[in-house]
Amino acid sequence: MPQPFENLNPSGNARSALILLAAGASTRLGRPKQLLLFRGRSLLRHAAQTALASVCRPVVVVLGAFADRLQTELAALPVTVALNPAWAEGMAKSIRAGLKAVSSETAGPDAVVIMLCDQPLITAGMLNQLVHIHRSEERGIVASEYEGALGVPALFSRRYFPELGLLEGNEGARRIIVKHKYDLARISLPEAAFDVDRVEEAARLEGFGR
């Protein structure tokens, strides 16, 4: 699919921010997934650098569990770190912390992309495609479609920020995506189906990294 991104300059009037969620405790894995190596870098640093290679600005990284250890993985990267002390209450609090950080900008973004740190096959080009479709098709939500479901990475226009901020517990953004299908564009991203939650998925990282 062609990707005409020459008009997606982050310094333009319309901006899309990015929230990278990395606050979880990796309880199913038993160790911080954010520190697993992928192509010579931690998953967290890889995800942050992927986000920075996209047109999205600012890039906000939400940390919670292991925050002190993880901040060193972001050294020298031009990202904003948002701390979520209530990370144990679920993903909704991390989304809220990220929204608060991007909304505190003097010129707030017109949209936000939500991305997970444990989807290592996502590229900057894929993130850019979300932004391009949002602007070219004037859809308020652009979601990834994989394995018969809709999910993240996904883009939400500013009008959905209040709804995102009202999510509770471990509720992610998928409920809002499904609720507003009339305002939805979707892109096929089978790469988003691979995430790292368990030991067997962590073991596959080495193969992907070659």
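Label sites at Lys100 and Glu163, each approximated as a point 7 angstrom past Cα along Cα to Cβ, lie 2.3 nm apart. On full extension, the segment bounded by Leu83 and Asp110 gains 7.4 nm, given 0.36 nm per residue less the C-alpha separation.
When DSSP assigns beta bridges and you keep just the ones with both residues in the chain, what percent turn out antiparallel, to the nearest 5?
Percent antiparallel among DSSP bridges in the chain is about 35.
The three principal axes of the Cα atoms in region 112-203 give end-to-end lengths of 40, 31, 21 Å, sorted in falling order. The ranking of Tyr160, Tyr182 from fewest to most other beta carbons within 10 Å of each one's beta carbon is Tyr182, Tyr160.
Quick one: pull the percentage of alpha-carbon pairs in the chain with a separation above 20 Å. Before the final figure, lay out each step's value.
On the way: 11792 of 21945 pairs.
Cα-Cα pairs in the chain separated by more than 20 Å: 54 percent.
Extension gain, Lys181 to Arg204, is 4.9 nm, computed as 0.36 nm per intervening residue step minus the present C-alpha separation.
The simple Förster model, with R0 at 30 Å and r as the Cβ-Cβ distance, assigns Asn170 and Thr72 a FRET efficiency of 0.65.
Read the figures in this text as sums done on the coordinates, not as results from a lab. Model, not experiment: these values are computed from the prediction. Ideal geometry is used to build each Cβ from the backbone, glycine not excepted, and the neighbour counts take in all protein chains shown.
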